Structures are given as C-alpha cells and as structure tokens.
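For reference, the structure discussed in these notes is given below.
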Amino acid sequence: MDALRKQASKLREQVSKQQQLQAVIKQFSTSGYESSDVVVIDEGEMQIHQQLEKLYKATRTMREFQKEIVKAAETFTAIGYKHIETGTKLSEDCCKYGAENNIDNILAKAASVLGDARKHVEKEHEELNRLLASQVLDPLRQMINGVPLEDARHLAQRYSRMRQEAETLREEISKRQVRVRESPTSEQVAKLHAAEARMKELKANMAVLGKEAAAALASVDAQQQRLTFQRLVAMVEGEKTFHLRVAAILGEIEAEMVSDRQKKESAPPVVVSENGSGKTMYFLAEATHPFYGDSEKELSFSKGDFIVVRKVTPTGWSEGECNGKAGWFPSAYVEKRQRVPSSNFSSEVY
C-alpha cells in the first residue's frame, strides 16, 4: 500500500513538473496578454483580468490602425512629390513655349498662363506634404513607438505572467491539500503552508499591479483615440484646403484662357495691305440691320445704308466704306447688291 502511494506521489510530481514546464514555455512564447477564462483567485481578480485583456486588445488594434494611417499618408506624400516633379516640368515646358512663340498667338499665351499657374499649384502640393508630415505622420509615429504605450503593455504582460504563475500555484496548493489529507506529515503540511503563503503574497502583488496596469492602459487607450481622431481631422482639413486652393487657381486659369479666346475670335481681323497691280473686285451691299461700332476700327451704319465691301473674312467680319468712313462690321448685317471695280472707290485704310 505504501509502495502504491509512493508511486502515485511520484507520478503526481512528474505531472506537476510537466505542467510547470508548459506554463513557462507558454509564458515566454507569447509577447501579448494571455487570454484565460479560468478563475485563478476570485471574481474580483477575474474582472481585472478581463478588463486588462479588453484594454490590451483595444490598444493593439488602435496601434495597427495608426500604422495603416501612416502607410496611407506616406503613400500620399510620395505621390505628391511625384506630382510636384511632373507639374514643375510641365510648368517649365509651358513657359518655354510661350516665351519662344508670338504672344499674340492664343495658344502661346495660354501656355504662358498655365505655366505660371502650375507653379502656384505645386507650391500648394508642397504645403500639403508638409502638413501631412507635421500634423499626421510625426505625431502618429511618435505614439506608435511611444514610451507610455510600451510601458502600459509591459505592465499588462507582467500581470499576465503573474496570473499564469498564480494559476500554476493554485494547482500545486490543490494537490498538496490532497496529500495532506492522505498523509498529514509535518513536511507535507509545511510545504502546503509555504505554497499558501506564496499565493497570498502573489495575490496582493497582483491586486496592486492589476490596478496600475489597468489605469495605464486606459489612459493610453483614451490618448490613442483622441490623437488619432485629431490626426484624421487634420488630414481631411488639409486635403480640403489644398483642393479648394487648387480649384481656385485652375478656375482663374480657365477664365483667363476663355476670355482670351473670346476676345481673339470677336476682334476684327488685321488688314494686310496688298500692293499688286491687278484690280480687286469690291461689291455694293445694303445694310439690313443697324450696327454701332465699339471702336474706331469698326464701321457704324444705319439700316438701308449702302456699304462698299472691300474684304470678307471667314471669322464673320467684313471691311468696307460708308458715308466717307471705313471700318469693320459683321458680315451678317448686310446683303450683297452688285460687284464693282475697286478703281471706282477710295482704297485708303482707316
């Protein structure tokens, strides 16, 4: 009978050692907070454990989210610098084309306008990149790798390891209680009392450390939430300001280009004098609508007046004489009556 008891005791010790070894391996194989539904000490300790587990997961999830925001902001910045490089090259090319070609050419002038405006657009892009770096990237990187977060997580990990130790010790106490009931020797009783004393000390330490770790993690979690929200708002406001300013610049470019084109299309064409010896055939036209010129280059007349038309252009303007004056007028305002040789009329140009 004693031999069986000794064999059983030896077997229990082997099992206990294996469990302790597994606990140690488990403890050092993980760098996070160990999840467990086992009540190690009491319900109060279990609540602290669940609170720490929840906070630990929350801070880890938030840190991963912050990393994703940093990646996105880094990508935006890289694309921004590429955009600046491309836009600067376009600005230089446009300015060069405008400088090398006749400024009266509508395309050359548009290129010059666009080239100057692109410089302002790229400055706005540089400002957005600076904002992303100072208002988003730097603060989030600092928090991700910050001391408060690491300290709070280390406290939680220490509590997790201490809890695993308490779980192992609880099993040991349970086994020693069985041994004392089976063989209440002074040695077994002493070992049981020593284990219970260690458990009491461990329980007190866990109570202090649990509260400290929970307070630290809760503070870090609140700080993570607040800072991340502020950085997202800064990112949105920065992009909004950038797009509004760029839209205003592009709006001014478009308005100037359209205005130049309309002026070019509506202005009377420039007369190029011809000194050929041949006769040019003019024609007589009657005004079907009155026209009042806006400048000295334009010919005014009333409905029914006769005009000697000397030149008709594809732009919808004609040049001629009426009542001793010469100038340009809309071709649609007159109707042709007959052709006459140019030698019969004055050839002077206004």
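Just a few scattered comments:
- Protein heavy-atom surface of the stretch 161-236, 1.4 angstrom probe: 56% of the accessible area is carbon and sulfur, with nucleic acids and ligands not counted.
- Karplus-based coupling profile of the stretch 63-74, in residue order and whole Hz: 5, 5, 5, 4, 4, 5, 5, 4, 4, 5, 5, 5, with θ = phi - 60° in 6.51 cos²θ - 1.76 cosθ + 1.60 and x standing for Gly or Pro.
- The stretch 88-158 - convex hull of alpha carbons, volume per residue in Å³: 77 Å³
- Pairs spanning more than 27 Å between alpha-carbon atoms, out of LYS263/LYS325; LYS109/LYS297; LYS109/LYS303: LYS109/LYS303.
- Positive minus negative residues near GLU237 (Lys, Arg vs Asp, Glu; Cβ under 15 Å): +1
- Exposure of ARG179 as accessible area (Å², to 10), given a probe of 1.4 Å and all protein chains: 20 Å²
- Charge tally in the Cβ shell below 10 Å around GLU286, where Lys, Arg are +1 and Asp, Glu are -1, GLU286 excluded: +1
- Extending 7 Å from the Cα toward the beta-carbon at both PHE283 and SER183 defines two label points whose distance is 13.4 nm.
- 5 angstrom amide H check on SER300, placed H, neighbours 5+ away: GLY293
- Sorting GLU150, GLU335 by solvent-accessible area of protein heavy atoms yields GLU335, GLU150, largest first, with a 1.4 Å probe.
- For HIS125, net neighbour charge (Lys/Arg +1, Asp/Glu -1) across residues whose Cβ lies under 15 Å away: +2
- Surface composition of the stretch 38-126: carbon plus sulfur atoms contribute 57% of the solvent-accessible area (1.4 Å probe, protein chains only, all chains present).
- Inter-site label distance for GLN47 and ALA194 at 7 Å from Cα along Cβ, in nm: 3.6 nm
- With bins 5 Å wide beginning at 0, the percent of Cα pairs of the stretch 103-223 falling in each bin runs 2, 9, 10, 9, 8, 7, 7, 6, 6, 5, 5, 4, 4, 4, 3, 3, 2, 2, 2, 1, 1, 1, 0.
- Judged by the mean number of other Cβ atoms found within 10 Å, the most tightly packed of the peptides 60-67, 319-326, 180-187 leads the ranking 319-326, 60-67, 180-187.
The values are calculated or read from the model by the stated rules, or taken from the named source; none is laboratory data. Quantities reported herein were computed from a predicted structural model and do not represent experimental measurements. Quick reminder, even Gly has a Cβ in these numbers, built from the backbone with ideal geometry, and neighbours come from all protein chains shown. The accessibility values were calculated without ligands, DNA or RNA, using every heavy atom of the protein model including side chains. Shrake-Rupley method; radii C 1.70, N 1.55, O 1.52, S 1.80 Å.
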